[in-house]
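Just below is one structure, and these are the notes that go with it.
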6 protein chains.
Amino acid sequence: MALAEKTRELLRRTSTATLTTQMLKRGFRNVFMEGVRPFHPAGGVMVGEAATLRYIPAREDLDSIESLGSREHPQRKTIETIPPGQVLVVDCRGETRVAGAGAILMARLFARGAAGFVCDGGVRDLATGASVGLPLYCAGAAAPPNVMRHHAIAAGEPIACGGVAVFPGDVIVGDSDGVVVLPPKLADEVAAAAAEQEHLEDFLFEEVKAGKPLFGTYPPDEATLARYRAKKG
Amino acid sequence: MALAEKTRELLRRTSTATLTTQMLKRGFRNVFMEGVRPFHPAGGVMVGEAATLRYIPAREDLDSIESLGSREHPQRKTIETIPPGQVLVVDCRGETRVAGAGAILMARLFARGAAGFVCDGGVRDLATGASVGLPLYCAGAAAPPNVMRHHAIAAGEPIACGGVAVFPGDVIVGDSDGVVVLPPKLADEVAAAAAEQEHLEDFLFEEVKAGKPLFGTYPPDEATLARYRAKKG
Amino acid sequence: MALAEKTRELLRRTSTATLTTQMLKRGFRNVFMEGVRPFHPAGGVMVGEAATLRYIPAREDLDSIESLGSREHPQRKTIETIPPGQVLVVDCRGETRVAGAGAILMARLFARGAAGFVCDGGVRDLATGASVGLPLYCAGAAAPPNVMRHHAIAAGEPIACGGVAVFPGDVIVGDSDGVVVLPPKLADEVAAAAAEQEHLEDFLFEEVKAGKPLFGTYPPDEATLARYRAKKG
Amino acid sequence: MALAEKTRELLRRTSTATLTTQMLKRGFRNVFMEGVRPFHPAGGVMVGEAATLRYIPAREDLDSIESLGSREHPQRKTIETIPPGQVLVVDCRGETRVAGAGAILMARLFARGAAGFVCDGGVRDLATGASVGLPLYCAGAAAPPNVMRHHAIAAGEPIACGGVAVFPGDVIVGDSDGVVVLPPKLADEVAAAAAEQEHLEDFLFEEVKAGKPLFGTYPPDEATLARYRAKKG
Amino acid sequence: MALAEKTRELLRRTSTATLTTQMLKRGFRNVFMEGVRPFHPAGGVMVGEAATLRYIPAREDLDSIESLGSREHPQRKTIETIPPGQVLVVDCRGETRVAGAGAILMARLFARGAAGFVCDGGVRDLATGASVGLPLYCAGAAAPPNVMRHHAIAAGEPIACGGVAVFPGDVIVGDSDGVVVLPPKLADEVAAAAAEQEHLEDFLFEEVKAGKPLFGTYPPDEATLARYRAKKG
Amino acid sequence: MALAEKTRELLRRTSTATLTTQMLKRGFRNVFMEGVRPFHPAGGVMVGEAATLRYIPAREDLDSIESLGSREHPQRKTIETIPPGQVLVVDCRGETRVAGAGAILMARLFARGAAGFVCDGGVRDLATGASVGLPLYCAGAAAPPNVMRHHAIAAGEPIACGGVAVFPGDVIVGDSDGVVVLPPKLADEVAAAAAEQEHLEDFLFEEVKAGKPLFGTYPPDEATLARYRAKKG
């Protein structure tokens, strides 16, 4: 199920804060990645469908610098086949001592039109990787190469990332707070509701900045909603 | 016991480093919050008396988006009643996966003249919240709303925050290193001693930058103290 | 074994990412410090031989503000005797709640020509300390003085820092990713190999940014290497 | 709302595993304490209403061995006023380095007819305390007295324990797996459903031990249920 | 590649301590599971080939008590198809707050002739499950059902467990220290070498208990080896 | 300063709970090791002066199975030179994934008349090592040999163990709660005070078991003390 362009557009204008609120209203309590932060220049948002990659712990006889050369290496293969508009999400088991990827791979993902990169581990050459133009979310900088502790085992599988389940095709949204995961079947509905909530909250934020009390404003009572509709109209 | 304006002024010009030193001299070893950092623009300091709010873990039948609407909700009530010059300190039990508060509440606290916001959990819409003008200290960004894992249970109680005891009325000071908690009965004395130490250390810092060795300078011997008094005089 | 000036120069132009790769090729899997990040202005690199300082937990009868005044205090003595070009590395046992050092000591290290400061604990007055001109790597800001939880026990001993063994004289390299430790006997060889790899990867990075696929480029096949050699001329 | 004797009796014969299943069916996902284990002799179960005690971090001027002598000390007062059949639950903020209580207090709770003791911190003289006859659940042994890191601040408040909300009067059940918390309004219904499930599962456990496959047995199909009803009948 | 009966027999008589030593000699440094302990009665060892099961985080719309009824549920299917002599190893991502399995499943694995159960999460009804006769290794007791935090996603895949890579068919050995993972291609060789080392060390252990110094005995010099060979002969 | 035989005898009859109380009265708040538990058969206490051994992280070129053969290896040398009545305390940096020592070394320490073994890491062949007769305190079982992650660097230095400073010659006391560290200069005084407190508390424990309330009994008032003295007399 492809992500509708309109939904993609709405999601670009909503925050992960609003999206988690909408998901909670629908009974979902575990949708925001733990320990995963943006490292690209402030302001860049990320929306795309998940392409997934799974690491398991390295084994000394299988994982060396040489292993990265193969065309069958799942990390490299995933990057070379990722469709434009997708976000590569990598399950690093929260391992922050080594890199899940580095600057050259960020450049390649950007060149291929990927929508972003997310992992719950480190990234090497992080400052450079964060500047190539691709939205980049990870747990921090880590110089050692992935084969030091990871064995790339498979692409396209459901994974864990930042304590959240990520299925291939899930809708991944990132802003300056972090990364939220939406099941595709809910994406249109949640995006629409979130955009509406966001528009209202922008109004409420201005009201509060102008001195209105929380009571009656946040959440809004009928009088506030009437003012909102008048202004919006 | 209200915080004397003079003490407030002295504390604005002292660092938390100096204050923890003064507290250690008085036998206090646990006064600096762990895992709590500033997120507002660099340079802003925070001084004020603590208003407290306590969260316990959420329970699914009690905590939903709807719970936030009530005028009796302790989080909302605390914010709407906080006196000017106080710092809202929230006990989030170190829970970094959800927000203790968000940008609209930061705006309201600022509008009400609060002196700052401190929690040992996350804040949502953190970049926006950090820009409203209020000193903001927390453990990082977290998009999910507080009801996802918190139940706001009471205001005005002694709490834990960042591993430190905070009693309502305690003097809270924040700078770029973090947040220190002072019992009110010690505030005047510690502020005076810290301001004096700070003034001396500014002098010593210049001396060391100019090439003086640590021995005789930091801590200062009589010759250094004489130079200091001469300059100060 | 003094660090050769040529090696020092080569290391200044290599990243810790490349150095960890070279070390892995030689069978070393534990060379990059965990939880230690740069806090000085972006871009500054650090290269130097390790001078070491070891802390153990404080004991109330031994560690007070007064203990810092002695000329025999290992922390102060180490700083006053560090040769130019060396990096002070402090074993804080990963203790992030107190400072391993502060701004005045950073200024003194800089004045003495030290090449940098590294600890796996906190630093107080961190913003000031990070601005004196010295490369500064630590776990974050922490206002309380080191005697609150540390007893400086000895200088010049092999230590642990960030989970890595550091022997006095080891070659310490820091960039925006973090800090790597190289045994002196390998420094020349690893520096040369890393500089070469770095030069090649800069070329590959440009190739990939220009649209080349990973396969054949990263790692490079013969055609790519030929282009590289042609350009390198 | 007192706990009905019949419910208490049913809960004595159900496992916490079954109770968490019943709670999940009703939408409760956070009811089992993390890091809290039984230390009394195997086999003893615990059922009772929660009496609560809350600790915050100690402050050196407030907390000393002498503070424990006061009749107003919340820990001592709570123990001397706990009604028979209640479980004392203490919020230790997960602090395992010091004791939440010790053997003499266990003996006093037992003498007063308390139904058990639960804390998410340590217990001192643990082996002795575990042998006085009282069901005892905690995070492990810790010799230092509570005043080393705790300030007992209040009794009878809603608290956190092991990551779960505990309100005074909540129904606390412990077995060899650990401790579950039930809201009183659900206790009768959950106890009845759990007892029924337990009875069925005892039958299924025997079936599986006798060689039946999971499919059709666990969960049971109609044929299995018929056999169960026949035997039960 | 089936595990040779002779190798299985040798492994039953070797300790995981000896096996990790043999693996280190062959360059393998990450073969022992972290945080995974035996819970069955003391003395029982475990040897078998790995059957694997992988969990990812639960999602509220996918994971409920009802999901466990399906014949396609990977956990149930894996157990009903496990060949005799294999060890079920489950990737719980180190999640200790909920169960990876419970007593009824232990009974079924035992009835099917499985050689053991291993997970890096909790087990519910642990005391009962540990008594059915199956070697049982996990991180501790946890009453909540797996669907509270897990979604069973696939069987027969390479996984992580206790920080170690486990491929289906890997040889799993458990004793009172914990669990070690051996690649099948090394099993015969490592088992033989380990059995020999074990035999020697039993002799050395007796020598040391009888008062021999470590030097010359552990590791043994020629004289000690001669005594060993004489006795063994 | 040798430990007086009378003090040793008194300490054998006091609990670590009582000793930490006595140390707190003298201003010491950090004397009990964190994460270190007894593994020898219940009931055995440990008293002795500390012999220390310090590990730093392993380096692949320095640490292999072969390194253990040298007579200069600090671990082996320390054990072969430990005087009777001393406790070997090893700084493992809290590393629980590998062993700090194993069963054969426990046997040798016992044969040499050592008073016990303490480390804040794992022990291999733990069940066997715990049965040789030596009091054994550690963080749990771990099969991998120490060279997998440790490099034994020096004996006889002040170290950290379980978060506490340990100087050679410090008095180490262990019971079923864990391990406490006493500076030698305080040993006689603390032992005497603790024995007295222990004797009184044994009486109070009986009083409380017999039904006395805490108030007036624990801490004791004059009437209780009179009864105590009468009985004691």
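The values are calculated or read from the model by the stated rules, or taken from the named source; none is laboratory data. Remember, it's a predicted structure, so these values are computed and weren't measured experimentally. When we count neighbours, we look across all protein chains shown, and the Cβ atoms used for this are built from the backbone with ideal geometry, even at glycine. Side chains are part of the model used for accessible areas, which takes the heavy atoms of the whole protein and leaves out ligands, DNA and RNA. Shrake-Rupley method; radii C 1.70, N 1.55, O 1.52, S 1.80 Å.
Per residue, the Cα convex hull of the stretch F:111-189 amounts to 127 Å³.
Selection among F:180, F:132, F:116 by position relative to the dipole of the stretch F:81-194 gives F:132 as farthest towards the positive end (Cβ unit charges, Cα centre).
Normalised by residue number, the volume inside the convex hull of the Cα atoms of the stretch F:157-199 is 73 Å³ per residue. If you bin all the Cα-Cα distances of the protein assembly as shown at 10 Å, starting from zero, the percentages per bin are 2, 8, 15, 21, 24, 18, 9, 3, 1, 0, 0.
The chain B residue nearest the rotation axis shared with chain E, using its Cβ and rounding the distance to whole Å, is B:60, 5.
Most simply put, the protein assembly as shown has about 55% antiparallel DSSP beta bridges, counting only bridges with both residues inside it. Here the stretch A:1-150 is treated as a sphere whose radius is the Kirkwood value from Cα pairs; by Stokes-Einstein at 25 °C and 0.890 mPa s it diffuses with a coefficient of 153 µm²/s. Taken about its Cα centre, the stretch F:38-176 carries a charge dipole of about 200 debye when Lys and Arg each add +1 at the Cβ and Asp and Glu each add -1 at the Cβ.
Projecting the Cα positions of E:167, E:210, E:152 onto the charge dipole of the stretch E:106-233 (unit charges on Cβ atoms of Lys, Arg, Asp and Glu, taken about the Cα centre) puts E:152 furthest along the positive direction.
For the stretch E:40-61 and the stretch F:171-197, compute the distance between their C-alpha centroids and round to whole Å. The two parts, judged by their Cα centres, are 44 Å apart. Cα extents for the stretch F:92-233 along the principal axes, largest to smallest and rounded to whole angstrom: 60, 32, 28.
The same position residue B:71 in the other copies lies at 4.3, 6.1, 7.2, 7.2, 8.8 nm from this copy, comparing label points 7 Å beyond Cα toward the beta-carbon, shortest first. Here the protein assembly as shown is assigned +1 on the Cβ of each Lys and Arg and -1 on the Cβ of each Asp and Glu. Its dipole about the Cα centre then comes out at about 0 debye. Leaving ligands, DNA and RNA out of it, report the carbon-plus-sulfur percent of the accessible area of the protein assembly as shown at a 1.4 Å probe. Carbon and sulfur together cover 53 percent of it. With an a/c value of 1.5 or above and a/b not larger than b/c for the gyration tensor axes a ≥ b ≥ c computed over the alpha-carbon atoms, the stretch B:32-113 is described as oblate.
DSSP bridge analysis restricted to the stretch D:22-157 gives an antiparallel fraction near 30%, rounded to the nearest 5. Entry note, chain D: the mean residue ellipticity at 222 nm calculated from DSSP H runs of n ≥ 4, each adding -39500 (n - 2.57), is -10000 deg cm²/dmol after division by the residues and rounding to the nearest 500.
Using +1 at the Cβ of each Lys and Arg and -1 at the Cβ of each Asp and Glu in the stretch B:31-126, identify which of B:41, B:82, B:100 lies farthest towards the dipole's positive end. Most positive-ward Cα: B:41. For residue B:206, the distances from its label point to the matching points in the remaining copies are 4.9, 4.9, 7.2, 8.1, 9.0 nm, ordered from shortest, with each point set 7 Å beyond Cα toward Cβ. Test of understanding: given chain C, find the longest segment containing no trypsin sites (Lys or Arg not before Pro) that are in a DSSP loop and have at most 16 other Cβ atoms within 10 Å. The longest uninterrupted stretch comes out as C:72-233. Per residue, the stretch A:1-105 exposes 37 Å² of solvent-accessible protein surface, assessed with a 1.4 angstrom probe and all protein chains in place. The convex hull drawn around the Cα atoms of the stretch E:29-80, when projected onto a plane and averaged over every direction, covers 6.2 nm². Quick one: buried accessible area between F and C, total over both chains, 1.4 angstrom probe, nearest 100 Å²? That pair hides around 2000 Å² of surface in total. Taking the chain by itself as reference, the stretch A:169-188 contains these residues with an accessible-area loss of 40 Å² or more in the full protein complex (1.4 Å probe, heavy atoms): A:177. Projected onto planes of every orientation and averaged, the convex hull of the alpha-carbon atoms in the stretch B:55-96 covers 3.7 nm².
Inter-copy label distances at residue F:192, using a point 7 Å along Cα-to-Cβ, come to 4.3, 6.8, 6.8, 7.0, 8.5 nm with the shortest given first. Charge dipole (Cα centre; +1 on Lys/Arg Cβ, -1 on Asp/Glu Cβ; no other charges) of the stretch E:56-130 amounts to roughly 280 debye.
Largest mean-square fluctuation among C:203, C:167, C:215, in a Gaussian network model of chain C whose springs join Cα atoms under 10 Å apart, belongs to C:215.
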